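Comments concern the structure below.
The values are calculated or read from the model by the stated rules, or taken from the named source; none is laboratory data. Bear in mind the structure is a predicted one, so any value in this text is a computation, not a measurement. Cβ placement follows ideal geometry from the backbone for every residue including glycine, while neighbour counts extend to all protein chains displayed. For accessibility, only protein heavy atoms count, side chains too; no ligands or nucleic acids. Shrake-Rupley method; radii C 1.70, N 1.55, O 1.52, S 1.80 Å.
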Amino acid sequence: MEKFKMQVAYQVAKTSYITNQFETEHFRMDCKAYKDHIVLKMRTPVPVKVQSLSITIPYDFKADDRLFLNGYQSWTDCREYFPDDKPSYLSPFFKPFIMMTSFRSSGDYTFVEYATEAGHFHGFSYGYVRRGEQYDLFASLNERTGYTIFRFNTKENTIVVEKDLEGIAIDGEYTVLDIVNLQGTMDEVFDKWFALMEIPKATAPICNGYTTWYNYYPNINDKIVTQDLEALSSVDAEIDIFQIDDGYQTNVGDWLSVDPKKFPCGMKVVADKIHKKGMKAGIWLAPFGAQYVSEVAKNHPDWIIRDKKGRPVRCGLNWGGFYALDIENPEAREYIRHFFDVILNDWGYDLVKLDFLYAAAIVPNHNKTRGQLMCEAMDFLRECVGDKQILGCGVPLFPAFGKVDYCRIGADMGLKWKSQTFTHRENVSTTHTLCNTIFRRALDGRAFRNDPDVFLLRENNMHCTFEQRQIIAKVNKLFGSVLFISDNVDDYKPVQMETLCETFRKDDIQILKAEFMTTNHDVLDIDYIINGESKNFKFNIENGTIV
């Protein structure tokens, strides 16, 4: 990696400059470049706004390489590609619609340029080139100074590394890039990367459980929760967590305002019921979210993240639209601390599923980059939750490393196999989340425990064949550490109950190989060992059939 070219576009006062020099009248770039490590540290005598910074590394891609680049956040699609593939990413015909709506808020569309040609790929924080069992890992060691974006260009045989430094004026000393290149088997390179970051192994156990979301969505109440809890408690399997999802609160943001019609006795009573069944009680919230109509948004407009023109920033279309709380505001921070204290200590919940976390860094502000804001937001959440468990979701993954016990690593599971074609990369998609589950597997047990999202075996309110439902259950079991359903198991037939108990059984699993077949790019070929027995599993990702 020591043979690279650098380019910096920057602004001093109101004048813009572009240079490939390591020293100018406005800055000196200290460079430490080795075969496996590059550190760039900028020193400035005057405030410098870096508009773009990139380095270009020559790389000899081979025809049989497999390429992976990590998507922006939990839900963003990512998988291994062949060098001549054209990533689906998003349709150029649909992009104008995304950019005109709040769909853009959940992804990287506003600050990353998308290439549309075959052989061009981009991702965040880490990526690799795989040749058989040998991995060539390119990874950031520091996202607190800004997100690191990797681009693989197989046509030009280059790897371009960019740094998102929007939002800050560098005045003094600032580490603008810190990346490594590690080679070896998957375990060797990922163990080394996490050792360099000094992130200890994840200690949370594999867990089985239930969430209300994928059957009832926000239409939950005490009766539904009680009936599904009773049914699940009779299953002959180890059940660890019963989670209440979205719908118990009056509005997103007003977390202590419980809907009196749905839960007339409040949420503490619900937690007590769950505990009596020997399970941990989990509850969902979007801690930085504030629905447009919420009391917190209406009563505290000064707590809302705003853009450069002072306008509140829209963070998504969910719940009719929502803003985000600015944790740089001391009163907003205390509000968040307070509702966590009540939920965890007064109500007695053991695990919080924290969703839509990307909203904390929706725009750079307070002279901080998106990466710095997101890392500090995750620090703050860990401080608020203390020793209780966090299941992160909708979060850029690097800032969550070592900060959450469990983390979603794919999109929301759909009730049908195929999602709509023209959409944004973070949309609900069964096929996308299956690929994410398989190809983000190296994070499991290192960064956190991977949550592949639910598997659903019921017949009602489903649009997948039973074979497709079995594929989802099997992939989740082989590659995931959070195995949740959203079914009322009282409705199960014997074959469904048998599949559930088999999936929930905590077996000893070792993945040997998981890749798309060279002869058929739609078929995933998986070799694994379960309880000492070698197995192979193939399925077609396009049509959802076992091969």
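Being farther than 24 Å from Met497 by Cα and either buried (at least 21 other Cβ atoms within 10 Å of the Cβ) or at pLDDT 95 or above (or both) narrows it down to one of Ala271, Ala281, so name that one. One residue alone meets the criteria, Ala271.
Quick grid of which residues meet (1) in contact (Cβ under 8 Å) with a residue 60 or more places away in the chain; (2) closer than 24 Å to Gly394 by Cβ; (3) among the acidic types (Asp, Glu):
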site: Leu256; (1), (2), (3): yes, yes, no
site: Asp259; (1), (2), (3): no, yes, yes
site: Met267; (1), (2), (3): yes, yes, no
site: Trp284; (1), (2), (3): yes, yes, no
site: Pro287; (1), (2), (3): yes, yes, no
site: Gln291; (1), (2), (3): no, yes, no
site: Ala297; (1), (2), (3): no, yes, no
site: His300; (1), (2), (3): no, yes, no
site: Trp303; (1), (2), (3): no, yes, no
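Every test in (1) within 28 Å of Val46 (Cβ to Cβ); (2) of a type outside the set (A, V, I, L, M, F, W, C); (3) in contact with a Pro (Cβ under 6 Å, 6 or more places away or on another chain) is passed by Thr154 save one, and that test is (1).
Going through (1) touching a Ser or Thr at 6+ places or on another chain (Cβ under 7 Å); (2) open to solvent by 40 Å² or more (accessible area, probe 1.4 Å); (3) over 30 Å from Asn299 (Cβ atoms) one by one, Thr250 falls short only on (3). Scanning region 337-350 for residues that are surrounded by fewer than 20 Cβ atoms within 10 Å (Cβ to Cβ) and β-branched (Val, Ile, Thr) yields a single hit, Val342. Within region 439-453, residues that are more than 13 Å from Lys403 (Cα to Cα) reach partners that are of a type in the set (Val, Ile, Thr) and open to solvent by 10 Å² or more (accessible area, probe 1.4 Å) with beta carbons closer than 7 Å, at six or more positions or on different chains, in the pairs Arg441/Ile511. Residues satisfying the criterion are absent from region 485-495 (criterion: without any contact (Cβ under 8 Å) to a residue 40 or more places away in the chain and of a type in the set (S, T, N, Q)).
Which one is surrounded by the most Cβ atoms within 10 Å (Cβ to Cβ) among residues in region 528-547 that are over 19 Å from Tyr81 (Cα atoms) and among the charged types (D, E, K, R)? Looking at residues that are over 19 Å from Tyr81 (Cα atoms) and among the charged types (D, E, K, R), I get Lys535. Return a yes/no flag: does region 399-406 have any residue that is within 11 Å of the chain's Cα centre (by Cα) and surrounded by fewer than 24 Cβ atoms within 10 Å (Cβ to Cβ). For region 399-406, residues within 11 Å of the chain's Cα centre (by Cα) and surrounded by fewer than 24 Cβ atoms within 10 Å (Cβ to Cβ): present.
Quick grid of which residues meet (1) open to solvent by 60 Å² or more (accessible area, probe 1.4 Å); (2) among the charged types (D, E, K, R); (3) at pLDDT below 95:
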position	(1), (2), (3)
Asp36	yes, yes, no
Val39	no, no, no
Val46	no, no, no
Gln51	yes, no, no
Tyr59	no, no, no
Lys62	yes, yes, no
Leu67	no, no, no
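Does Asn450 satisfy being more than 28 Å from Asp191 (Cβ to Cβ), in contact with a helix residue (DSSP H, G or I) (Cβ under 8 Å, 6 or more places away or on another chain) and not β-branched (Val, Ile, Thr)? Against the criterion (more than 28 Å from Asp191 (Cβ to Cβ), in contact with a helix residue (DSSP H, G or I) (Cβ under 8 Å, 6 or more places away or on another chain) and not β-branched (Val, Ile, Thr)), Asn450 does not qualify. Taking region 309-323 as the range and being of a type in the set (D, E, K, R) and either without any contact (Cβ under 8 Å) to a residue 12 or more places away in the chain or not in a loop (DSSP other than H, G, I, E, B) (or both) as the test, the residues that pass are Lys309, Arg311.
Restricted to region 501-523, and to residues there that are among the aliphatic types (A, V, I, L, M) and out of contact with any helix residue (DSSP H, G or I) (no Cβ under 7 Å at 6 or more places or on another chain), the residue that is most open to solvent (accessible area, probe 1.4 Å) is Leu512. The residues on offer are Thr110, Thr24, and the sole one that is without any contact (Cβ under 8 Å) to a residue 12 or more places away in the chain, surrounded by 15 or more Cβ atoms within 10 Å (Cβ to Cβ) and at negative phi is Thr24.
Residues in region 351-363 that are buried (at least 20 other Cβ atoms within 10 Å of the Cβ) and either assigned to a loop (DSSP other than H, G, I, E, B) or of a type in the set (Ser, Thr, Tyr) (or both): Asp355, Phe356, Tyr358, Ile362. Selection over region 298-336 of residues that are within 26 Å of the chain's Cα centre (by Cα) and surrounded by 13 or more Cβ atoms within 10 Å (Cβ to Cβ) gives a count of 25. Of all residue pairs spaced 6 or more apart or on separate chains, those with beta-carbon atoms under 8 Å, a first member in region 1-16 that is under 19 Å from Pro45 (Cβ atoms) and among the hydrophobic types (A, V, I, L, M, F, W, C) and a second member that is part of a loop (DSSP other than H, G, I, E, B) and open to solvent by 30 Å² or more (accessible area, probe 1.4 Å) are Val8/Asn20; Val12/Val46; Val12/Pro47.
Residues are listed down the side, and each one gets a yes or a no for (1) within 13 Å of the chain's Cα centre (by Cα); (2) crowded, with 20+ Cβ neighbours inside 10 Å; (3) aliphatic (A, V, I, L, M):
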| position | (1), (2), (3) |
| --- | --- |
| Ile390 | no, yes, yes |
| Thr430 | no, yes, no |
| Gly445 | no, no, no |
| Asn450 | yes, yes, no |
| Leu457 | no, yes, yes |
| Leu483 | no, yes, yes |
